[in-house]
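Enquirer: So that we are looking at the same thing, I have put the structure below in structure tokens.
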Amino acid sequence: MWEAWENHPGEYTAGIAVSLDKVWDAVNDLYAAADVLDADADELWTLPIYGGRPVAHSADADPSNPPLGILEPPGVSQAAGFLASVSFDELWKVAGAELVWSGWDEAQVRQRFLEHHRNLQGFYGRAAAAGHAVVRAVWA
């Protein structure tokens, strides 16, 4: 994963990687607002950030490697469907006030979350269209 992170600019440009530097929890909180908006969301909102199952490292793996998770192709398709159908504006109306960091301008924070949302929409959409799984790594 460290090698992948070192190659991240190229992978990002190629559309095969996306990152949420230190805000993945907050983006998940934004998507959790889907429960308020649609009782039938069935927790699909959990898929883009924390979906999938944990993948154990081998016994001889570098202990500094981040925790990994994999979301299989059916879950990727569900995540892509959720991201394509959910209204960012509606999510922001429900959760935005809680996501604005102290000392930050709300418009700037909203724009940042919108960019994360659009990046995730594109990433999951491409992965779903190709029938790919998604591997997630969380560096603390």
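Just so it is clear, none of the values below were taken in a lab; they were calculated from the coordinates. The model shown is predicted, which means the values in this text are computed figures rather than measured ones. Every residue, glycine among them, receives a Cβ derived from its backbone with ideal geometry; neighbour counts consider all protein chains shown.
Enquirer: Give a residue-ordered list of calculated ³J(HN,Hα) values for the range 75-90 (Karplus: 6.51 cos²θ - 1.76 cosθ + 1.60, θ = phi - 60°; whole Hz; x for Gly, Pro).
Expert: x, 4, 5, 5, 4, 4, x, 4, 5, 6, 9, 7, 8, 4, 4, 5
Enquirer: Continuing with this model, one more query. At R0 = 22 Å, how high is the FRET efficiency between VAL100 and GLU43 if r is their beta carbon distance? Nearest 0.05 is fine.
Expert: E between VAL100 and GLU43, to the nearest 0.05, is 0.30.
Enquirer: Hey, what do the phi angles of the range 120-129 turn into as Karplus ³J(HN,Hα) couplings, whole Hz, using 6.51/-1.76/1.60 and θ = phi - 60°, x for Gly and Pro?
Expert: Working through the residues one at a time gives 5, 4, x, 4, 5, x, 5, 5, 5, 4 Hz.
Enquirer: I've got another one for you. Set the Förster radius R0 to 22 Å, insert the Cβ-Cβ distance between LYS93 and TYR50 as r into 1/(1 + (r/R0)^6), and round the FRET efficiency to 0.05.
Expert: Once rounded, the FRET efficiency stands at 0.45.
Enquirer: Arrange the peptides 87-99, 61-73 so that the one whose residues have, on average, the most other Cβ atoms within 10 Å appears first.
Expert: Packing order, densest peptide first, comes out as 87-99, 61-73.
Enquirer: Under a crude label model (7 Å from the Cα following the beta-carbon direction), how far is VAL36 from GLN108 in nanometres?
Expert: The two pseudo-label positions are separated by 2.4 nm.
Enquirer: OK, next. Search the structure for amide H atoms under 5 Å from the amide H of ILE70, placed 1.01 Å from N in the peptide plane, and list their residues when 5 or more places away or on another chain.
Expert: Answer set, sorted by chain and number: ARG53, VAL55, ARG136.
Enquirer: With θ set to phi - 60°, apply the Karplus curve 6.51 cos²θ - 1.76 cosθ + 1.60 along the range 58-66 and write out the HN-Hα couplings as whole Hz, x wherever there is a Gly or Pro.
Expert: Couplings: 5, 4, 9, 6, 4, x, 7, 4, x Hz.
Enquirer: Taking 0.36 nm per residue of sequence separation and subtracting the Cα-Cα distance, how much length would be gained by fully extending the chain between HIS57 and VAL135, in nm to one decimal?
Expert: 26.8 nm is the gain from fully extending HIS57 to VAL135.
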